[in-house]
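Heads up: the structure comes next, in structure tokens.
The values are calculated or read from the model by the stated rules, or taken from the named source; none is laboratory data. Since this is a predicted model, take the numbers as computed values, not measurements. Every residue, glycine as well, gets a Cβ built from its backbone with ideal geometry; the counts of neighbours run over all protein chains shown. Keep in mind that these areas ignore ligands, DNA and RNA; they rest on the heavy atoms of the full protein, side chains included. Shrake-Rupley method; radii C 1.70, N 1.55, O 1.52, S 1.80 Å.
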Amino acid sequence: MSNRPYNFYPGPAILPLEVIQQVQNELLNIGGTGLSVMEVSHRGKAYDEIHKTAMADLKEVLHIPDNYHILFLQGGASLQFAMVPMNFLRKGTADYVNTGSWAKKAIKEAKLFGNVNIAGSSEDKNFSYIPRELNLSPDADYLHITSNETISGIRWNRFPETGYVPMISDMSSEICSRKIDVARFGLIYAGAQKNLGPAGVTAVIIRDDLAEKCPDDVTTMLNYKTHVEKESLFNTPPCFAIYVVGLVLKWIKKQGGLEALEEVNNEKARLIYEVIDGGDFYRGTADPADRSIMNITFRLPSEELEAEFVRQSEKAGFVGLKGHRSVGGLRASIYNAFPLEGVKELVKFMKKFEQENS
Ligand SMILES: *Cc1c(COP(=O)(O)O)cnc(C)c1O
């Protein structure tokens, strides 16, 4: 399978090859049933094992404390933009930090449910940094942040202190890429299709006191309490997607967990930033203090060269390097499953392209 292109797509994104191969091997017979995982009851023994093991493994990998529940929901991270305020922004004010396109979408939904205080924003500089000074409301229902902005390529290195105010984070494009102190958060959510598995399932990690606070007048499917009580089996879950997430979590454990993965991820990012910083041909768009190790955004001296870079990179066997249409430029998304040797190949390509075009 060495003819697979190096996959820099931002999401859906690369999965570990051995996970896809295992899916292939087990596709016709899951857990000795003689049937595929798509064909068996979500209340049966084979699926139940998959469901519970995936939850337990996420708990283990992220070192999630016992006073949290793990949920596997549908509707993507985008539905979480609405579910969070629907359940928790009831009368008062919620603080949001506007760090980019995804934060903005979360803010738009929250405004439908109550008062939103923009506690900080980096819109003045095209979302190239994380705001340092936050104007937090002392009695906010919660603070919402986007821990890694997939499009502009910035991330929170240090999380704000919120005291008794619960901190909620969209971690879609970085979950399980570095060690996180889950206890700092009231709720974490992440669409699976960047770092955890295929599209179709969203992982939610919710602290018990928040789950208990969910009001009864929120519609059943959008009430966190429903899914906490039924362990994400209130209705038919996205069984296949959860099954693949389970395999990815086993793969993470095999790599040595987040401790080992974070180190490799740091090294992968460092190698690319080194080329970007090494001259004035490439220009990183994110403030070096806040740049992401998952989504690396950069520009070239002209848009023509950027288009040429994309063309030649595709010929050389790299896909997905074109930046998001809203910001242009280039973006290398190097999620957990992206191999170190692929980064080294990209670095070689970047150096050669620079030599030939500067
Ligand atoms: C991709 C992404 C989303 C959107 O996720 P969906 O599952 O498509 O709704 C939200 N937030 C961040 C940070 C993302 O990277």
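Only residues that are within 19 Å of Phe318 (Cα to Cα) and either of a type in the set (A, V, I, L, M) or open to solvent by less than 30 Å² (accessible area, probe 1.4 Å) (or both) were counted in the stretch 11-41, giving 5. Six or more apart or on different chains, Cβ atoms under 8 Å: show the pairs whose first residue is in the stretch 3-21 and outside the structural domain of Ile296 (by TED's automatic domain parsing) and within 14 Å of the ligand (Cβ to nearest atom) and whose second is open to solvent by less than 70 Å² (accessible area, probe 1.4 Å) and modelled with pLDDT under 95. Qualifying pairs under 8 Å: Pro10/His324.
Restricted to strands (runs of 3 or more DSSP E) entirely inside the stretch 120-232, those with at least 1 residues that are at pLDDT 95 or above and closer than 20 Å to Val245 by Cβ are 167-170, 187-191, 202-207.
Scanning the stretch 83-92 for residues that are open to solvent by 10 Å² or more (accessible area, probe 1.4 Å) and either within 11 Å of the ligand (Cβ to nearest atom) or part of a loop (DSSP other than H, G, I, E, B) (or both) turns up Arg90, Lys91, Gly92. Within the stretch 182-237, take every residue that is free of Cβ contacts under 8 Å to residues at least 12 places away in the same chain and among the hydroxyl-bearing types (Ser, Thr, Tyr) and give me the one that is least open to solvent (accessible area, probe 1.4 Å). The residue in question is Thr226. Residue under question is Lys213, and the condition is that it be away from the ligand (no atom under 11 Å from the Cβ), touching a helix residue (DSSP H, G or I) at 6+ places or on another chain (Cβ under 6 Å) and either over 20 Å from Ser292 (Cβ atoms) or of a type outside the set (A, V, I, L, M) (or both); does it hold? So Lys213 fails the test. Return the only residue of Gly317, Gly278, Gly256 being at positive phi and open to solvent by 30 Å² or more (accessible area, probe 1.4 Å). Answer to the check: Gly256.
Close Cβ contacts (under 8 Å, 6 or more residues apart or on different chains) running from residues in the stretch 262-287 that are closer than 17 Å to Leu305 by Cβ to residues that are surrounded by fewer than 16 Cβ atoms within 10 Å (Cβ to Cβ) and among the small types (Gly, Ala, Ser) comprise Gly279/Ser358; Phe281/Ser358. Can you name the residue in the stretch 42-82 that is hydroxyl-bearing (Ser, Thr, Tyr) and crowded, with 18+ Cβ neighbours inside 10 Å and, of all such residues, is nearest to the ligand (Cβ to nearest atom)? Per the stated criteria, the residue is Tyr68.
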